[in-house]
Structures are given as structure tokens and as C-alpha cells.
Amino acid sequence: MLSVQKIGITPLLLSRVSEGEGEPSPFVLEQAQLFRSDKRRRQYILGRLAAEEMLRSLINDASPITNGPRGEPIWPPGVVGSITHTSSIAIAVGALAEAVRGVGVDAEEKARRISEGVIEKISKQEELGWIYEKREEVNERALTLFSVKESIFKALYPTYRRELSFRDAQVTIGETGTITATLSHTAGDVSIHEELLGQVIYDPSFVITLVILPKRT
Ligand SMILES: CC(C)(COP(=O)(O)OP(=O)(O)OC[C@H]1O[C@@H](n2cnc3c(N)ncnc32)[C@H](O)[C@@H]1OP(=O)(O)O)[C@@H](O)C(=O)NCCC(=O)NCCS
């Protein structure tokens, strides 16, 4: 299932693949053998199927996508993209680098429980207010915040190659799932300040978030 999503004015291609769909290339099957666990092999294959479908539509080419030392996917020149996988679906998003500096996508199974300890660790004060605002939505809101911060990391890593803290990001999620985020990170003589935009994609089984690092104006 391939679709075009718009965040701000930026068109992004999103490809979602479910288990049992698609035919992996020999390269992907060979790479998958390097993983020890069957679960990881299946997730890797699913992610690559989604990524290759997205690339074929975006640039009419699905050259092998390798990974850098921190796990980041290496895209063809002129493309920015991101991959996420769960046990049953994978999603890849991509855009032309001339339109956007970075993208991040993340999917979490709604059945996943987030403990209060983890909520404390990943949230800033204002975000805690939003999470605990509606008692019946606490777990889903916490998962959403966690997912947005995973997406932010994926969108920023290829540019900065820095480990970030969950509390470096201040995230606001609107009624319709619009995401705005500010990332401020200082370590030694490195200082990063970025504003990101995004969207929660509503789904019955998964919390899915998409974030872009816009071009500087
Ligand atoms: C890298 C990370 C985001 C992966 O998330 P995950 O939930 O384990 O797995 P997902 O299925 O969602 O995503 C996996 C994909 O992420 C991509 N990925 C891995 N490392 C990455 C990196 N450094 N940068 C960008 N993308 C990366 C890969 O494509 C990977 O799939 P592949 O190995 O099959 O190619 C996670 O392990 C991590 O390091 N999180 C820290 C986030 C953080 O610090 N947030 C705070 C900042 S606000």
C-alpha cells in the first residue's frame, strides 16, 4: 500500500507492507541471513520490501539499501528516508532531499504497555500534562510520545550523527494528530536546535508517527 502524505507542503511517499506480501530480492535474503533471530530476519525483510517499493515510486530505482555503523539506512544520493518494522508490518517513508532535510517514521503495537517509570524518563513536564489529561488514554498517549521521539531521532541522526536524550525533544500533539517539536541538544561544544513537523497516522492496531526535518528557510 503506497500513499503520498503531506506534512506542511512537503510530499512524502509512504509504503506499508504486511507479512506475506512481496518478493524479497536475493541481496535482501542474503543480508537477512546475517541476523541470528528469525524475528529480526523477518522484520528486516519486511522493512526492505517497504523501502524498495517506496524507492521505485520515488526515483524509479530500488538499489540495495545498506546500513551505516549506528544502524541508519543508507539511501541513494538525493533521497532521504526512514524505515520501521513491527512483527507484522513495516513502513518506509521517503522524499527527495531537495524537498526536505530528513524524515523519520516509527510504528508501535498498541498492545505494548508503557510503565510509569518509562513515561517519566521520556517526557518533559508539559508532555506529562498531556499524557495524564485523559485517564483512559494514558498508555496510547505515552506510546505516541515515545514513537514521535523515535521518529525524531531517525530524522535527525543522518544529519548530526549524535546520540540524543528523550528530554532533548519537546513535543506537542494537536487534536488532529499534528506534531510540532523542538529539539535542543547541547553536549561539549556541539549545540543542535531544530524545529520539526509531523503527523500521527491513526490505525486500529498501531501507533504510527511520521516526522520531517524541514528545509531551512
Ligand atoms: C534506532 C532506533 C530509533 C530504532 O528503533 P526501533 O524501535 O528499535 O526499531 P524500528 O523498527 O522502529 O526501526 C528500525 C529501523 O530504524 C532504522 N535505524 C536504525 N538506526 C538508525 C539511526 N541511527 N538513524 C536512523 N534510522 C535508523 C533502520 O532502518 C532500522 O531498520 P533496519 O535495521 O531493518 O534497516 C532505536 O533503537 C533507538 O536508538 N532509539 C533511540 C531514540 C532516541 O534517542 N530518542 C530520543 C531523541 S528525541
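FYI, it's all coordinate maths here, none of it is from the lab. As the structure is a prediction and not an experimental result, all values here were calculated from the model. Virtual Cβ from ideal backbone geometry, glycine too; neighbours counted across all protein chains shown.
Over the chain, how many pairs of lysines fall under 25 Å by alpha carbon, counting only those 8 or more apart in sequence or from different chains?
21
List Leu143, Leu164, Leu128 from most exposed to least, where exposure is judged by having the fewest other Cβ atoms within 10 Å. It would help to have the intermediate numbers written out before the result.
Numbers: Leu143 22, Leu164 18, Leu128 15.
Listing Leu143, Leu164, Leu128 from fewest to most nearby Cβ atoms yields Leu128, Leu164, Leu143.
For the chain, find the longest principal axis of its Cα atoms and tell me its angle to the long axis of helix 138-160, 0 to 90°, nearest 10.
Once rounded, the angle reads 60 degrees.
What is the magnitude of the charge dipole of the chain about its Cα centre, with +1 placed on the Cβ of each Lys and Arg, -1 on the Cβ of each Asp and Glu, and no other charges, expressed in debye to the nearest 20?
With only Lys, Arg, Asp and Glu charged at Cβ, the dipole is about 320 debye.
How far, in degrees from 0 to 90, does helix 38-59 lean away from the longest principal axis of the Cα atoms of the chain, to the nearest 10?
80
Quick one: net charge around Glu30, please, counting Lys, Arg +1 and Asp, Glu -1 for every other residue with C-beta under 12 Å from its C-beta.
So the environment of Glu30 carries a net charge of +2.
Report the local net charge at Val17: Lys and Arg +1, Asp and Glu -1, summed over other residues whose C-beta lies under 10 Å from its C-beta.
-2
So which GluC sites (Glu not before Pro) in segment 79-125 pass both tests, a DSSP loop state and at most 16 other Cβ atoms within 10 Å of the Cβ?
Glu98
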